[in-house]
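Below is one structure; the comments refer to it alone.
The values are calculated or read from the model by the stated rules, or taken from the named source; none is laboratory data. Fair warning: this is a prediction, and the values are worked out from it, not measured in the lab. Cβ: placed from backbone, ideal geometry, glycine included. Neighbour counts: every protein chain shown. When the accessible area is computed, the model is the full protein with side chains, heavy atoms only, and any ligands, DNA or RNA have been set aside. Shrake-Rupley method; radii C 1.70, N 1.55, O 1.52, S 1.80 Å.
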Amino acid sequence: MNPIQTASHSVHFEEAALGALKTHLEETPYSRIFLLTDSNTSRLCRPVLCENFPEAGQWVHLGIPAGEAHKNIESCTAVWQGLSENGADRQSLLVNLGGGVVTDLGGFVASTYQRGIRFINIPTTLLSMVDASVGGKTGVDLGPLKNQIGVINQPEMVLISPTYLETLDARELRSGFAEMLKHGLIRDAGYWEELAALESPVESIPHIRHSVALKNEVVLADPTEKNLRKILNFGHTLGHAIESHFLGRPDLEPLLHGEAIAIGMIMEAYISTRISGLGMDECNRIREGLLKFFPKTRIPKQQQPEIFRLLIHDKKNTHGRVLFSLLERIGKAVYNQEVPAGILAEAFDYYRD
Ligand SMILES: NC(=O)c1ccc[n+]([C@@H]2O[C@H](COP(=O)([O-])OP(=O)(O)OC[C@H]3O[C@@H](n4cnc5c(N)ncnc54)[C@H](O)[C@@H]3O)[C@@H](O)[C@H]2O)c1
Ligand SMILES: [Zn+2]
C-alpha cells in the first residue's frame, strides 16, 4: 500500500510501514530512542511492535496510565521527567505507540521537551489511525476541558498497521468508524454509500487509507483551520456537547467520542435540511445509515438545556457565536453556519423520533 504524503511527513501503511521506519532510523543519527505507551498498549501493542521490529525492545520505555482522564499535564510532567532522567537530548526521538491519548500527549511532550524533539506516531486505535494520524494537533486536557493546551506540530512519520486493531474492543473500533462515515458525508458520497452498506465496523479496516487520504486533502487545503478544515467538525458541535454532558453526569453511562459524534451527525444532518439545503430524503438516509451501527441513545428533553449550555462553551466558538459545519448534500459540506436555537431543539426531536 503506497504511503500518503502530507505537507510535512508520510503516513505509511501495513508491511511497508516497518520498512520505512527501518530506513528512517538508519538515515537519522538519533542519540537515543524513547517509546511511549499507555498501560494497555504496553501490554497489548508493545509485544507486537517488538516482535515485528526487534530493535524496539532496546528503546527506553516510558508509560502513562490508560484513559482520557490521564491526558493531562501531570502525565506530561511524568514523561518529561522520564526523558530527562534517561538522558534525552535534542537529538532524541520519541515514538508514540497508542491511541489518540498517547499520540496527542506524546506529540505535545516531544514538541515542548528542550523546545522540541522529533517524534513518530504509531496509532493503535481505529480513531487515531483515521483521525489523529494527520493534521498535527497535539495536546492535553485542562481539567474537564478537552484539548485546551497544545500546539500544532508534525511527526517525522506515521505508521499504520491494522494488526494492532486485533486486540481493540469492538466498541472502540466502532467509535473510530464514526469518523470514517463522517469523511464520506463531508467529502465523498460514494465512500459514504460503501461504508453505510457494510455489515459491521470491522469491515471498514481495508478503507483506513482512503479516510486518511480524505482528511489529508482537507488539511492540505487549510492547515490552520481558517476555512475548509472546519468541515471536519461536522457532527462535532452538538456531538462534543453531548459527549461532555454524558461524561459529566454520574447517572449516565459515558459515551465514546465516536458514539457521541454519530448522534451529533444525525442532528446536524437535520439542521442541514433547515439551513444549508440538504434534502430531507438524504437526511433520512443518513439517519438510517448511522442508526444501523449506532442504536439510539436516550436523551430526554429535560437534559437539553444542559447540553445547550455546554454548546456555548465549545472551544471552536468565536465572539459568543456557535457556528456549525453542515451538509449541502451527502459528500459536500459547508462551514461557519449560524443556527437559531429553535432549530437545535427540532434536531433533538428528529433524533428522538
Ligand atoms: N490529534 C488529532 O487530530 C485527534 C483526532 C481525533 C482524536 N484525538 C484525540 O484522541 C483521543 C481519543 O483517541 P482514542 O479513541 O484512540 O483513545 P485512547 O487513546 O484513550 O484509546 C482508547 C482505549 O483503547 C486502548 N487501546 C489503544 N490501542 C489499543 C489496542 N490496539 N488494543 C487494545 N486496546 C487499545 C487505550 O489504552 C484506551 O483504553 C482523544 O483524546 C481525542 O482528543 C486527536
Ligand atoms: Zn472526532
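Specify the residue that is nearest to residue 288 (Cα to Cα); the eligible residues are those in the range 162-183 that are crowded, with 19+ Cβ neighbours inside 10 Å and among the hydroxyl-bearing types (Ser, Thr, Tyr). My answer is 175. May I ask you to say which residue of 223, 155, 201 is farther than 29 Å from residue 288 by Cα and either within 16 Å of ligand 2 (Cβ to nearest atom) or not assigned by TED's automatic domain parsing to the domain that holds residue 47 (or both)? Testing whether each residue is farther than 29 Å from residue 288 by Cα and either within 16 Å of ligand 2 (Cβ to nearest atom) or not assigned by TED's automatic domain parsing to the domain that holds residue 47 (or both) leaves just 223. The requirement of being of a type in the set (D, E, K, R) and surrounded by 17 or more Cβ atoms within 10 Å (Cβ to Cβ) is fulfilled nowhere in the range 7-23; no residue meets it. If we scan the range 310-327, do we find a residue that is open to solvent by 60 Å² or more (accessible area, probe 1.4 Å), over 18 Å from residue 233 (Cβ atoms) and not assigned by TED's automatic domain parsing to the domain that holds residue 127? No, the range 310-327 contains no residue that is open to solvent by 60 Å² or more (accessible area, probe 1.4 Å), over 18 Å from residue 233 (Cβ atoms) and not assigned by TED's automatic domain parsing to the domain that holds residue 127. The set of residues in the range 241-256 that are open to solvent by less than 50 Å² (accessible area, probe 1.4 Å) and out of contact with any helix residue (DSSP H, G or I) (no Cβ under 6 Å at 6 or more places or on another chain) contains only 246. Number of residues in the range 109-161 that are part of a loop (DSSP other than H, G, I, E, B) and open to solvent by 50 Å² or more (accessible area, probe 1.4 Å): the value is 5. Residue count for the range 124-164, restricted to those that are within 10 Å of ligand 1 (Cβ to nearest atom) and under 17 Å from residue 256 (Cα atoms): 12. The residue of the range 308-343 that is farthest from residue 244 (Cα to Cα), among those that are part of a helix (DSSP H, G or I) and modelled with pLDDT under 95, is 342.
Would you check if there is a residue in the range 183-193 being away from ligand 2 (no atom under 13 Å from the Cβ) and β-branched (Val, Ile, Thr)? Checking the range 183-193: not a single residue is away from ligand 2 (no atom under 13 Å from the Cβ) and β-branched (Val, Ile, Thr).
Conditions tested, residue by residue: (1) of a type outside the set (Lys, Arg); (2) at pLDDT 95 or above; (3) within 9 Å of ligand 2 (Cβ to nearest atom).
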residue	(1), (2), (3)
229	no, yes, no
233	yes, yes, yes
236	yes, yes, yes
239	yes, yes, yes
249	no, no, no
253	yes, no, no
261	yes, yes, yes
265	yes, yes, no
270	yes, yes, no
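Only one of the numbered conditions (1) within 12 Å of ligand 1 (Cβ to nearest atom); (2) at pLDDT below 95; (3) not acidic (Asp, Glu) is violated by residue 219, and that is (2). Within the range 184-222, the residues that satisfy the criterion of being crowded, with 21+ Cβ neighbours inside 10 Å and touching a strand residue (DSSP E or B) at 6+ places or on another chain (Cβ under 6 Å) are 186, 212. The condition of being farther than 19 Å from residue 152 by Cβ, open to solvent by 60 Å² or more (accessible area, probe 1.4 Å) and within 16 Å of ligand 2 (Cβ to nearest atom) holds for only one of 51, 68, 85, that being 68. Meeting the requirement of 1 or more residues that are within 14 Å of ligand 1 (Cβ to nearest atom) and either over 21 Å from the mean Cα position of the chain (by Cα) or in the same structural domain as residue 161 (by TED's automatic domain parsing) (or both), the helices (runs of 4 or more DSSP H) wholly within the range 1-65 are 39-44, 46-52.
Here is the figure for the range 257-281: residues that are farther than 20 Å from residue 232 by Cβ, surrounded by fewer than 21 Cβ atoms within 10 Å (Cβ to Cβ) and not small (Gly, Ala, Ser) total 3.
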